[in-house]
1. Would you call GLU239 within 30 Å of GLU195 (Cα to Cα) and either assigned to a loop (DSSP other than H, G, I, E, B) or free of Cβ contacts under 8 Å to residues at least 60 places away in the same chain (or both)?
2. Go through (1) at pLDDT 95 or above; (2) surrounded by 15 or more Cβ atoms within 10 Å (Cβ to Cβ) one by one and return the number of the condition ILE190 breaks.
3. Test of understanding: among PHE60, PHE32, PHE47, which residue is under 16 Å from HIS156 (Cβ atoms) and at pLDDT 90 or above?
4. Give me the pairs: first residue in segment 39-57 and closer than 13 Å to VAL14 by Cα, second residue near the ligand (Cβ under 8 Å from one of its atoms), beta-carbon distance under 6 Å, and six or more apart or on different chains, which are they?
5. Going through segment 134-156 one residue at a time, which ones are without any contact (Cβ under 8 Å) to a residue 60 or more places away in the chain and in contact with a Ser or Thr (Cβ under 8 Å, 6 or more places away or on another chain)?
6. Can you tell me how many residues in segment 139-170 are β-branched (Val, Ile, Thr) and assigned to a helix (DSSP H, G or I)?
7. Condition check: farther than 30 Å from PRO140 by Cβ, more than 16 Å from the ligand (Cβ to nearest atom), at pLDDT below 90 and aliphatic (A, V, I, L, M). Does LEU21 satisfy that?
8. With ILE234, ILE173, ILE277, ILE180 as the choices, which residue is modelled with pLDDT of 95 or more, more than 19 Å from the chain's Cα centre (by Cα) and either in a strand (DSSP E or B) or over 28 Å from LEU335 (Cα atoms) (or both)?
Amino acid sequence: MSGFTSLADQKRPVRLLSSALSSGNLPHAFLFTGIDGIGKKTAAMAFAMACNCAGPAGGFAENQPETVAGNRDGRLEPCGQCSSCKKMISGNHPDIILINPSGALIKVDQVRALCSRLVLKPYEAKKRFAIISDAQKLNPEAGNTLLKTLEEPPEHTVFILTALQASDILPTIVSRCQQIRFNPIPISSIQAYMETSHGLSAEKASAMAAMAGGSITRAESMAKSNWIEKRNWIIEELEALPSRSINLRLAFSEALSKNKEWLFAAFDIMKNWFRDIVIFNCVPDRIMNQDLSDRIQIASQRADINDLLQKIKAVEKAEKDIKSNANLRLTLDSLMLTLSKGY
Ligand SMILES: [Zn+2]
């Protein structure tokens with residue numbers, strides 16, 4: 001945790017939070033929205049830390065704008081050294097309360113326990129924080145219980161709810177929160193991060209970043225699950241399909257069906273591979289699999305664009321059918337036969 005510096009790509013949210021902090025007036029509740037893995041929870045923790053920092057440049061002072069409160073040069077970085085910062089870094093601050101979904105939902109008992117804790121005064125914090133992650137998972141009863149507390153907010157307490165989008169949350173809750181939207185992280189930033197933190201080549205990091213959909217968390221989990229190797233396997237299979245026997249084609253669909261948790265990532269890889277071949281002749285610098293540009297160039301020279309577009313549609317249809325519970329093996333077998341047409 002290094003305060004706001006780890007949120008370099010979230011300039012607007014950081015600016016809004018910084019100005020709330022230096023204004024001397026905090027809203028009772030924030031709602032941070034945006035896809036997973038773009039720093040919403042990091043920002044919530046950094047903000048809680050900055051509000052309570054006892055260091056020379058940090059801290060929130062009630063009703064005292066920045067100049068009076070002593071924040072220097074508008075710097076709102078928590079020091080990371082004071083007792084409050086240290087407790088927060090180690091996850092042991094008694095006034096920072098984190099609520100995560102228990103299974104698929106945030107249950108009413110979790111919210112009731114939170115609310116009864118908030119009736120008491122904070123132990124030591126200037127501002128106590130209740131951070132509710134994935135608030136779209138509040139079940140209706142839990143949502144209504146939370147709403148009652150938001151309507152009569154406890155003193156010295158700031159709620160931060162995080163969610164994918166505001167429309168997933170009870171409108172009566174949203175209306176009580178200051179909403180801050182977080183943007184997907186630019187591909188170039190994810191690429192740079194993957195190169196430095198995972199030691200990937202620029203081409204591999206670029207391919208992974210392009211597929212991560214703006215989410216650092218997703219890029220991380222791709223790196224951990226050997227995404228490059230799996231992608232290479234799928235592309236080799238796709239290239240070999242046209243010259244293969246029926247049995248080998250069906251062996252590929254069998255192998256895919258055994259990796260159900262990874263199946264939708266495999267579909268994305270297939271679609272992007274075909275897409276790269278389609279666009280290579282017009283915009284070669286826009287392909288996603290940058291590290292495979294030589295192979296894409298060769299494939300693009302003998303490709304039939306309509307045929308490739310049909311294949312992309314076939315993958316999309318299989319994806320949709322499987323999501324609506326069609327028979328997995330039958331759908332994949334039929335897809336492989338469609339993708340076996342030469343290009
Ligand atoms: Zn501090």
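1. no
2. Here ILE190 meets the rest and fails (1).
3. Checking each option against the conditions leaves just PHE47.
4. Hits for this filter: ALA50/GLY58; ALA50/PRO78.
5. At the first step, the residues of segment 134-156 found to be without any contact (Cβ under 8 Å) to a residue 60 or more places away in the chain are 134, 136-149, 151-152, 154-156.
Scanning segment 134-156 gives ASP134, LEU147.
6. The total comes to 2.
7. no
8. Only one candidate passes the filter, namely ILE173.
The values are calculated or read from the model by the stated rules, or taken from the named source; none is laboratory data. Only a predicted model underlies this, so the values are computations on that prediction, with no experimental measurement involved. FYI the Cβ positions are ideal-geometry reconstructions off the backbone, even for glycines, and counts take in every protein chain you see.
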